[in-house]
Amino acid sequence: MQNTALITGASAGIGRELAIIHAEKGGDLVVVARRQEQLEDLKAELESRHGIKVRVLVFDLTDRGAPSAVYQQLKDEDIEIEILINNAGFGGVGKFHQRDWNEDLAMIHLNVLALTELTRLFLPDMITRRSGKILNVSSTASLMPGPLQAVYFATKAFVTSLSNALAYELRGTGVTVSALLPGATGTEFARVSGMERSPLFQKTASARRVAEEGYNGMLSGRLNIISGLSLWQRFRLAFVPLLPKSIVMSEVKKLQQTR
Ligand SMILES: NC(=O)c1ccc[n+]([C@@H]2O[C@H](COP(=O)([O-])OP(=O)(O)OC[C@H]3O[C@@H](n4cnc5c(N)ncnc54)[C@H](OP(=O)(O)O)[C@@H]3O)[C@@H](O)[C@H]2O)c1
């Protein structure tokens, strides 16, 4: 396999679009998610349309041993990862003390631990080769606290912070780390997170647009790629660091509430 990208959460949404874009550019793929059928359909489509190779790995990345099993499997098969895209993630709405703890724990496992461990596993090989790119899918949620999605916003704050610090540490190594910060995007995310009826998801960016901006930003080694926002949303986001936290959180809370 060559110019291989490993993409987590490639069975749907932004991850699926990222896989399609990489295939269109002629790169091979390793796609990871829980739903085998969706991954096999994607493999068949991309292999026949673009003449590339796709390796399907079915894993639940909330399982503690999953990231190391993914890494070992690819080592055993001699598959070198040039691009690592940590995309799999989910959110969940509700008051922290009332939410199902196991669901929040799984969210932390997927959004934080799996992403961090996969980065830790694949990075040394990239540094040795002096070549590699990592794209961590964060969120504009990472830029503020999120009442009614407290854990999700906190997981994404971790992702952006980790990605930015690593990008700086890795200067001059030939390896780049970028964070993709989408706004509300039309994927399965809103349904999975129980937010289909929230004001935030009444108007969404397309997954293709967000994936394209993320992929191109990663190729040019950008630190943070904010994507999928309207001009008005970009304008409002620019004021977040300047406003008192209580005002920001009151606005964020209104956006999470279901109608
Ligand atoms: N959509 C938005 O508005 C939005 C905004 C900002 C950031 N994001 C971020 O963008 C990323 C992609 O989300 P999306 O919007 O494309 O959502 P999506 O359509 O729900 O896709 C999520 C992907 O993650 C995979 N996944 C979920 N749980 C998993 C697990 N336990 N193990 C392995 N894979 C798992 C899913 O596959 P399986 O179900 O097959 O496992 C699916 O492929 C996430 O990190 C999300 O936080 C989304």
Expressed as a percent, the accessible surface of the chain that is carbon or sulfur, using a 1.4 Å probe and the full set of protein chains, is 53
Using only Cα atoms, tell me the angle between helix 207-219 and the longest principal axis of the chain; keep it within 0 to 90° and round to the nearest 10. 60
For the chain, report the accessible area per residue in Å² (1.4 Å probe, heavy atoms, rounded to an integer). 48
Round to a whole angstrom and tell me the spacing of the C-alpha centers of the range 33-63 and the range 175-213. 21
For 234, 208, 130, 34, write out the residues from largest to smallest accessible area, computed with a 1.4 angstrom probe and no ligands counted. 34, 130, 234, 208
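Past 18 Å, Cα to Cα: identify those pairs from 43/156; 25/203; 95/253; 95/254, in the order given. If you can, show how the numbers build up before the last one.
Working: 43/156 29 Å; 25/203 30 Å; 95/253 11 Å; 95/254 13 Å.
Distance filter (> 18 Å) returns 43/156; 25/203.
Using the beta-carbon distance between residue 105 and residue 196 and R0 = 30 Å, what value does 1/(1 + (r/R0)^6) give for FRET efficiency, to the nearest 0.05?
Working: r = 23 Å, r/R0 = 0.78.
Given R0 = 30 Å and the Cβ-Cβ separation, E is 0.80.
Going by accessible area, probe 1.4 Å, with all protein chains left in place, what is the ranking of 76, 63, largest first? Intermediate results must be reported in sequence, preceding the final value.
Values: 76 115, 63 85 Å².
Reading off the accessible areas and sorting them downward yields 76, 63.
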Can you work out the FRET efficiency for the pair residue 78 and residue 230, with r the C-beta to C-beta distance and R0 = 45 Å, to the nearest 0.05? 0.50
Compute the acute angle (0 to 90°) between the alpha-carbon long axis of helix 115-129 and the principal axis of greatest extent of the alpha-carbon atoms of the chain; round to the nearest 10°. 40
Expressed as an acute angle from 0 to 90° and rounded to the nearest 10, what is the orientation of the C-alpha long axis of helix 150-169 relative to the principal long axis of the chain? 50
Subtract the Cα-Cα distance of residue 40 and residue 253 from 0.36 nm times their separation in residues, and report this length gain in nm to one decimal. 72.8 nm
³J(HN,Hα) computed for each position of the range 181-190 - Karplus, 6.51 cos²θ - 1.76 cosθ + 1.60, integer Hz, glycine/proline x: 10, x, x, 4, 10, x, 9, 7, 3, 4
Sum of side-chain charges, residue 33 neighbourhood, beta-carbon under 10 Å (Lys, Arg +1; Asp, Glu -1): +2
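The values are calculated or read from the model by the stated rules, or taken from the named source; none is laboratory data. Keep in mind that this is a model prediction, so the values were computed, not measured. Neighbour counts are summed over all protein chains in view; Cβ atoms, including those assigned to glycine, are modelled from backbone coordinates with ideal geometry. Heads up: the accessible areas ignore ligands, DNA and RNA and are worked out on the full protein's heavy atoms, side chains in. Shrake-Rupley method; radii C 1.70, N 1.55, O 1.52, S 1.80 Å.
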